[in-house]
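Undergrad: Mind having a look at this structure? Questions to follow.
The values are calculated or read from the model by the stated rules, or taken from the named source; none is laboratory data. Computed from a predicted model, the values in this text were never measured in an experiment. For neighbour counting, all protein chains shown are included, and Cβ atoms are generated from backbone atoms with ideal geometry for every residue, glycine included. Heads up: the accessible areas ignore ligands, DNA and RNA and are worked out on the full protein's heavy atoms, side chains in. Shrake-Rupley method; radii C 1.70, N 1.55, O 1.52, S 1.80 Å.
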Amino acid sequence: MNEIEWFFPERIEEVIEILKKDKVVPHSGGTGILRSDFRRIKGLIDLSLLSLDYLQSNNGIVEIGAMNTYYRVVQKLSQIAPNNVLIKSLSDSASTPLRNRITIGGSVAYFPIWSDLMGPLIALEAGLSLIGEYKGDYPVLEYVRNRELRNKTLITGIRFKPDNWDSYYYRATRTETDYARFNITILLKKSNNRIENVRIVMIGNKERFKRFTALEEYLKGKNIDRVKIQEIGKNLEVSFAGKKMGSPEYVKHLAGVELERGLSRVLAIS
Ligand SMILES: Cc1cc2nc3c(=O)[nH]c(=O)nc-3n(C[C@H](O)[C@H](O)[C@H](O)COP(=O)(O)OP(=O)(O)OC[C@H]3O[C@@H](n4cnc5c(N)ncnc54)[C@H](O)[C@@H]3O)c2cc1C
């Protein structure tokens with residue numbers, strides 16, 4: 001293994017210069033980097049001395065610094081937006097020691113297929129702040145779809161409007177600390193008996209993630225008692241690969257059942 005040089009910048013301006021170096025990449029929690037091919041890495045930029053651990057709410061927008069760990073997000077967000085779906089998704093993610101280590105910035109950049117962060121961020125239509133080769137504000141979806149945006153670029157934070165969504169989060173796992181086979185995020189706004197708005201995202205399928213926009217359109221504006229929940233699972237347009245937790249067909253069936261359960265829960269249909 002080649003020798004790796006560490007950098008410990010204290011100011012963002014320093015990071016911008018270091019990012020220009022060949023094969024030098026950011027290091028946040030380090031839990032994803034551990035799996036990297038170290039022949040491709042010459043240097044690591046430790047981000048812990050930068051002040052990227054803020055979490056604040058300004059004019060109805062929540063801003064979370066990239067170096068917040070999952071644990072810190074749960075802790076701080078509970079004080080300003082206690083019903084936010086990120087609290088549900090990150091509280092049960094991985095294990096306690098890992099939640100103390102895994103960061104927001106590293107997890108957006110890494111986006112594993114078992115991510116408990118990305119479903120909520122896609123559903124919340126979050127934005128990212130970037131510096132380096134690419135700078136400025138980018139929708140999280142654009143970052144996910146365009147790998148070029150990772151090149152010599154640092155995520156400094158994320159932001160989203162928490163609004164007042166009812167929410168539901170489900171992780172399909174065999175044990176408490178297992179990687180999720182898939183997970184489901186549902187955000188819902190209803191008034192009286194009518195669905196005003198809904199967003200549904202699944203992580204872990206063949207395409208890595210899926211936002212069910214056709215289903216969202218079907219549900220929007222509908223009276224809750226006219227929603228045919230038991231039709232939704234079997235018509236779900238999603239596919240899975242691999243054999244974890246059963247065949248792809250079985251996992252698709254399971255995902256349909258869990259989506260129906262989640263919708264019943266947020267719509268309060270018994
Ligand atoms: C055993 C185990 C179980 C896990 N289970 C889960 C789980 O159930 N759910 C879940 O959501 N996660 C889980 N994780 C975490 C997940 O797999 C990744 O390891 C994690 O998301 C990476 O975050 P990090 O902060 O450690 O990033 P790092 O390892 O520091 O970095 C990951 C990648 O992102 C780049 N990077 C880091 N910071 C930034 C930044 N600010 N801007 C741009 N690029 C950056 C790095 O260069 C690297 O390429 C698990 C991890 C382990 C080891």
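Undergrad: Provide a single number: the residues in segment 159-175 that are in contact (Cβ under 8 Å) with a residue 60 or more places away in the chain and within 10 Å of the ligand (Cβ to nearest atom).
TA: 1
Undergrad: Give me the pairs: first residue in segment 37-62 and at positive phi, second residue crowded, with 17+ Cβ neighbours inside 10 Å, beta-carbon distance under 8 Å, and six or more apart or on different chains, which are they?
TA: Pairs found: Gly60/Pro162.
Undergrad: Based on this model, can you work out whether Asp116 counts as among the acidic types (Asp, Glu), at pLDDT below 95 and open to solvent by less than 30 Å² (accessible area, probe 1.4 Å)? Walk me through it before giving the result.
TA: On the way: among the acidic types (Asp, Glu): yes; at pLDDT below 95: no; open to solvent by less than 30 Å² (accessible area, probe 1.4 Å): yes.
No; evaluated as a whole, the condition is false for this residue.
Undergrad: For residues that are over 17 Å from Pro9 (Cβ atoms) and outside any loop (DSSP other than H, G, I, E, B), scanning just segment 34-47, find the one that is least open to solvent (accessible area, probe 1.4 Å).
TA: Ranking the qualifying residues of segment 34-47, first place goes to Phe38.
Undergrad: Quick one: in segment 197-235, of everything that is over 24 Å from the mean Cα position of the chain (by Cα) and either in the same structural domain as Asn83 (by TED's automatic domain parsing) or among the acidic types (Asp, Glu) (or both), which residue is surrounded by the most Cβ atoms within 10 Å (Cβ to Cβ)?
TA: Glu231
Undergrad: Report whether or not Leu77 is within 11 Å of the ligand (Cβ to nearest atom) and either modelled with pLDDT under 95 or surrounded by 15 or more Cβ atoms within 10 Å (Cβ to Cβ) (or both). Lay out the reasoning, then the answer.
TA: Details: within 11 Å of the ligand (Cβ to nearest atom): no; either modelled with pLDDT under 95 or surrounded by 15 or more Cβ atoms within 10 Å (Cβ to Cβ) (or both): yes.
Considered against the rule, which asks whether it is within 11 Å of the ligand (Cβ to nearest atom) and either modelled with pLDDT under 95 or surrounded by 15 or more Cβ atoms within 10 Å (Cβ to Cβ) (or both), Leu77 comes out as no.
Let's see how each residue does on (1) away from the ligand (no atom under 12 Å from the Cβ); (2) open to solvent by 60 Å² or more (accessible area, probe 1.4 Å):
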position	(1), (2)
Leu19	no, no
Asp22	yes, yes
Leu49	yes, yes
Glu63	yes, no
Thr69	no, no
Leu86	no, no
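Undergrad: For segment 95-107, which residues satisfy the criterion of being near the ligand (Cβ under 8 Å from one of its atoms), within 16 Å of Leu34 (Cα to Cα) and surrounded by fewer than 22 Cβ atoms within 10 Å (Cβ to Cβ)?
TA: Once the filter is applied, which keeps residues that are near the ligand (Cβ under 8 Å from one of its atoms), within 16 Å of Leu34 (Cα to Cα) and surrounded by fewer than 22 Cβ atoms within 10 Å (Cβ to Cβ), segment 95-107 yields Leu98, Arg101.
Undergrad: Look through segment 183-196, keep the residues that are out of contact with any Leu (no Cβ under 8 Å at 6 or more places or on another chain) and either open to solvent by less than 30 Å² (accessible area, probe 1.4 Å) or assigned to a strand (DSSP E or B) (or both), and return whichever of them is nearest to Gly262 (Cα to Cα). Working first, answer last.
TA: Filtering segment 183-196 down to residues out of contact with any Leu (no Cβ under 8 Å at 6 or more places or on another chain) leaves 183, 185, 189, 191-194, 196.
Within this subset, residues satisfying the condition of being either open to solvent by less than 30 Å² (accessible area, probe 1.4 Å) or assigned to a strand (DSSP E or B) (or both) are 183, 185, 189, 191, 194, 196.
Values: Asn183: 11, Thr185: 9, Lys189: 14, Ser191: 18, Arg194: 17, Glu196: 17 Å.
Of everything passing the filter in segment 183-196, Thr185 is nearest to Gly262 (Cα to Cα).
Undergrad: Taking the residues in segment 25-47 that are of a type outside the set (Asp, Glu) and touching a Phe, Trp or Tyr at 6+ places or on another chain (Cβ under 7 Å) as candidates, determine which candidate is nearest to the ligand (Cβ to nearest atom). If you could, list the steps in order and put the result at the bottom.
TA: Initial filter on segment 25-47 (of a type outside the set (Asp, Glu)): 25-36, 38-45, 47.
Going one step further and asking which of them are touching a Phe, Trp or Tyr at 6+ places or on another chain (Cβ under 7 Å), we end up with 32, 43-45.
Values: Gly32: 3, Gly43: 11, Leu44: 8, Ile45: 8 Å.
If we take residues in segment 25-47 being of a type outside the set (Asp, Glu) and touching a Phe, Trp or Tyr at 6+ places or on another chain (Cβ under 7 Å), then Gly32 is nearest to the ligand (Cβ to nearest atom).
Undergrad: Right, next: Val238: in a loop (DSSP other than H, G, I, E, B), in contact with a strand residue (DSSP E or B) (Cβ under 8 Å, 6 or more places away or on another chain) and either crowded, with 19+ Cβ neighbours inside 10 Å or in contact (Cβ under 8 Å) with a residue 12 or more places away in the chain (or both), yes or no?
TA: On the way: in a loop (DSSP other than H, G, I, E, B): yes; in contact with a strand residue (DSSP E or B) (Cβ under 8 Å, 6 or more places away or on another chain): yes; either crowded, with 19+ Cβ neighbours inside 10 Å or in contact (Cβ under 8 Å) with a residue 12 or more places away in the chain (or both): yes.
In short, yes.
Undergrad: Further question: Considering only residues that are open to solvent by 10 Å² or more (accessible area, probe 1.4 Å) and touching a Lys or Arg at 6+ places or on another chain (Cβ under 8 Å), look in segment 126-136 and name the one that is nearest to the ligand (Cβ to nearest atom).
TA: Of segment 126-136, the ones open to solvent by 10 Å² or more (accessible area, probe 1.4 Å) are 127, 129, 131-136.
Still in the list and also touching a Lys or Arg at 6+ places or on another chain (Cβ under 8 Å): 127, 129, 132-133.
Numbers: Gly127: 14, Ser129: 10, Gly132: 8, Glu133: 11 Å.
So, considering only residues that are open to solvent by 10 Å² or more (accessible area, probe 1.4 Å) and touching a Lys or Arg at 6+ places or on another chain (Cβ under 8 Å), the one nearest to the ligand (Cβ to nearest atom) is Gly132.
Undergrad: With respect to Arg150, determine if the residue is crowded, with 17+ Cβ neighbours inside 10 Å, assigned by TED's automatic domain parsing to the domain that holds Val62, under 22 Å from Pro120 (Cα atoms) and within 16 Å of the ligand (Cβ to nearest atom). Working first, answer last.
TA: Values: crowded, with 17+ Cβ neighbours inside 10 Å: yes; assigned by TED's automatic domain parsing to the domain that holds Val62: yes; under 22 Å from Pro120 (Cα atoms): yes; within 16 Å of the ligand (Cβ to nearest atom): yes.
Judged against the criteria, Arg150 is a match.
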